[in-house]
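The values are calculated or read from the model by the stated rules, or taken from the named source; none is laboratory data. None of these values were measured; they are calculated from a predicted model. Note: ideal-geometry Cβ built from the backbone for every residue, glycine included; neighbour counts use all protein chains shown. Quick note on the areas: whole protein, heavy atoms, side chains included, nothing else; ligands and nucleic acids left out. Shrake-Rupley method; radii C 1.70, N 1.55, O 1.52, S 1.80 Å.
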Amino acid sequence: MKKIAILGSGQVGDALAKGFLDAGHAVMRGTREPSKLADWKSKAKGEASVGTFSDAAKWGEVIVLCIKGTAAEVTIDQAGVANLAGKTVIDATNPIADEPPQNGVIRYFTGPNDSLMERLQKKAPQANFVKAFNSVGNMFMVNPPFTPMPTMFICGNNAGAKQETTDILTKFGWEAADMGGVEVARPIEALCQLWCARGMVHNDWAHAFKWLSLG
Ligand SMILES: NC(=O)c1ccc[n+]([C@@H]2O[C@H](COP(=O)([O-])OP(=O)(O)OC[C@H]3O[C@@H](n4cnc5c(N)ncnc54)[C@H](OP(=O)(O)O)[C@@H]3O)[C@@H](O)[C@H]2O)c1
C-alpha cells in the first residue's frame, strides 16, 4: 500500500483515484478548493482524503498530476517544489491551448521542440517526472477493455520512477513502453492530439494505442 497524491479534481483524477483505491492504496486528492471534493470523499471506498495541492504533495509518496495543462506549472508552485523532491510524479497532463480545435486537431501551447513535461521537470528538477496516462481517455485509464492489451507510452529521466510507473500500469491492465528521457514527452504528448482527432472527426472515442516491435 502506498500513499498516492492525486493533484486534480477532474475526470482524470476521478478515474485514477478510483483505480488506486480499488488497488488498495491510500489516496489524497489535491485541489484549490477542497470542499468541492467532499461528495467524492464521502462516497469513495477505501482510505480517501482531500486537501490542498500542497497538503497532498507533502503527504504523497507518489504524485499524480491531472491538472488543466495551462495551469500545470502554477500548480507545481502551489504544490511546493520541495514537496515533490525525490518522488515519482506521474504526469497525465497535456498542453492543450484555450483556442478551439482546427478540423479535429486540438491546439497546443507548446511547439514540436518543447513539451509541458519538460517545463515541469525544469521547474521541479528534483522531482522524478514520468509521462503516462495522457494518450487515452479517462474511461479507459484503468482496466482498458481492449484486445490485445494496449500500450501506454511513458518517458522520463529517472529509471526507478519509470519502473514504479510501469508496475502501476501493469496493475491497471496496460503494457508500458518506456520510450526514453523527458524530451520524448514531445511525441508522447502529441499522441493525445491523434487520439482526440479520431474522436472529433469520426465521433469514435473507444480506442487506444498498441506498439508492435520485433525488438
Ligand atoms: N479528460 C480526459 O479523458 C483526459 C485524458 C488524458 C489526459 N488528460 C489530461 O489530464 C489533465 C486533467 O484533465 P481533466 O479532464 O481531469 O480535468 P481539467 O479540467 O483539464 O483539469 C482540472 C484540474 O485542473 C485544475 N486547475 C488548476 N488551475 C486551474 C485553472 N486556472 N482553471 C481550470 N482548472 C484549473 C483544477 O483545479 P481545482 O481542483 O482547484 O478546480 C482541477 O483539479 C489535463 O491536462 C488533460 O489534458 C485528460
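Translational diffusion of the stretch 1-117, estimated by Stokes-Einstein from the Kirkwood radius over alpha carbon pairs at 4 °C in a medium of 1.567 mPa s, is 88 µm² per second. The overall shape of the chain, judged from the alpha-carbon gyration tensor, is rounded, with an a/c ratio under 1.5. In the chain, excluding the sites themselves, the longest stretch lacking any of the trypsin sites (Lys or Arg not before Pro) that are in a DSSP loop with at most 14 other Cβ atoms within 10 Å is 108-209.
Extension gain, Phe209 to Val105, is 35.7 nm, computed as 0.36 nm per intervening residue step minus the present C-alpha separation. Across all directions, the shadow cast by the convex hull of the stretch 130-215 built on its C-alpha atoms averages 5.7 square nanometres. In summary, the lysines within cross-link reach of Lys171, defined as a Cα separation below 20 angstrom excluding same-chain residues under 8 places away, comprise Lys2, Lys3, Lys18, Lys45, Lys87, Lys131, Lys162, Lys210. Once the C-beta distance of Lys36 and Glu61 is scaled by a Förster radius of 35 Å, the resulting FRET efficiency is 0.90 to the nearest 0.05. Distances between placed amide hydrogens fall under 5 Å for Phe209 paired with Thr151, all partners being 5 or more residues away or on another chain. With axes computed from alpha carbons, what is the tilt in degrees of helix 185-202 against the longest principal axis of the chain, rounded to the nearest 10 within 0 to 90? It works out to around 70 degrees. Residues of the stretch 88-109 falling in the label zone of Lys2, defined by backbone nitrogen less than 16 Å from a point 7 Å along Cα to beta-carbon, are 88-92.
Working with all protein chains in place, sort Asp77, Asp91 by solvent-accessible area computed with a 1.4 Å probe, largest first.
Asp77, Asp91
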